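Below is one structure, written out as structure tokens; the observations come after it.
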Amino acid sequence: MQDYSARNPDYKLDDNPDHNNVTQMVTMRSGAFPADFNDWYVVQCKPRQEHRAKENIENQQGEVMLFERPVEKIRTGKRVKVNELWFPGYVFVKMPREHILWSTIRSTLGVLRLVRFGEQPCPIRPATFQSICENVGAAELRPKFKKGDSVMVKSGALAGMDAIFANYDGAARAVLLINLLHREQRVKVDLADLA
């Protein structure tokens with residue numbers, strides 16, 4: 001790539017308005033945090049090896065966040081509680097921006113690559129990471145119902161009707177007994193529609 005100023009001696013780099021904007025953005029980005037601030041970075045993991053990557057990074061004295069939530073799933077016909085990842089395939093790693101051992105993280109067992117733009121890993125803004133932590137922490141587990149529980153349908157075509165919980169139909173639906181036309185009818189609804 002040729003330098004435009006070499007071909008035009010009257011041209012100064014600072015005369016280019018785009019260059020000034022880029023310089024301001026770089027200055028703002030590098031001066032946005034204190035020098036001793038540790039940034040959070042996103043690390044992409046190999047398929048289903050998030051826990052392995054977390055353990056190996058922690059063995060290297062790294063701070064790692066892996067967001068999980070307990071859910072109930074049907075396995076071999078039985079409902080079991082399992083931990084499901086909020087961000088499958090990714091873990092969050094905290095380290096100084098001037099970290100000289102990026103290759104150590106990249107070569108860690110279970111790690112595929114660092115999320116980056118160009119050659120530099122891209123840190124997550126502190127406000128964004130804080131928001132993720134708050135939203136994940138505030139998320140509630142869906143209500144647990146037992147056979148025979150009295151429930152109310154809060155949305156959908158049957159909104160406002162009282163029903164009796166019969167059983168689960170997969171991970172996201174339920175079978176209810178609703179009194180329609182003086183008979184109990186079996187109806188399937190989304191779990192999100194129940195109160």
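Just one of the listed residues (T108, T128) is at pLDDT 85 or above and either within 18 Å of G62 (Cα to Cα) or in the same structural domain as I178 (by TED's automatic domain parsing) (or both), and it is T108. Scanning region 68-98 for residues that are over 22 Å from Q130 (Cα atoms), hydrophobic (A, V, I, L, M, F, W, C) and free of Cβ contacts under 8 Å to residues at least 40 places away in the same chain yields a count of 2.
Is it true that R69 is in contact with a helix residue (DSSP H, G or I) (Cβ under 8 Å, 6 or more places away or on another chain) and either exposed (fewer than 15 other Cβ atoms within 10 Å of the Cβ) or not assigned by TED's automatic domain parsing to the domain that holds V111 (or both)? Yes; evaluated as a whole, the condition is true for this residue.
Restricting attention to region 73-89, does a residue exist that is part of a strand (DSSP E or B) and either of a type in the set (S, T, N, Q) or outside the structural domain of A53 (by TED's automatic domain parsing) (or both)? Yes, the conditions are met somewhere in region 73-89.
The values are calculated or read from the model by the stated rules, or taken from the named source; none is laboratory data. Here the structure is a predicted model, which is why all the values come from computation and not from measurement. Every residue, glycine among them, receives a Cβ derived from its backbone with ideal geometry; neighbour counts consider all protein chains shown.
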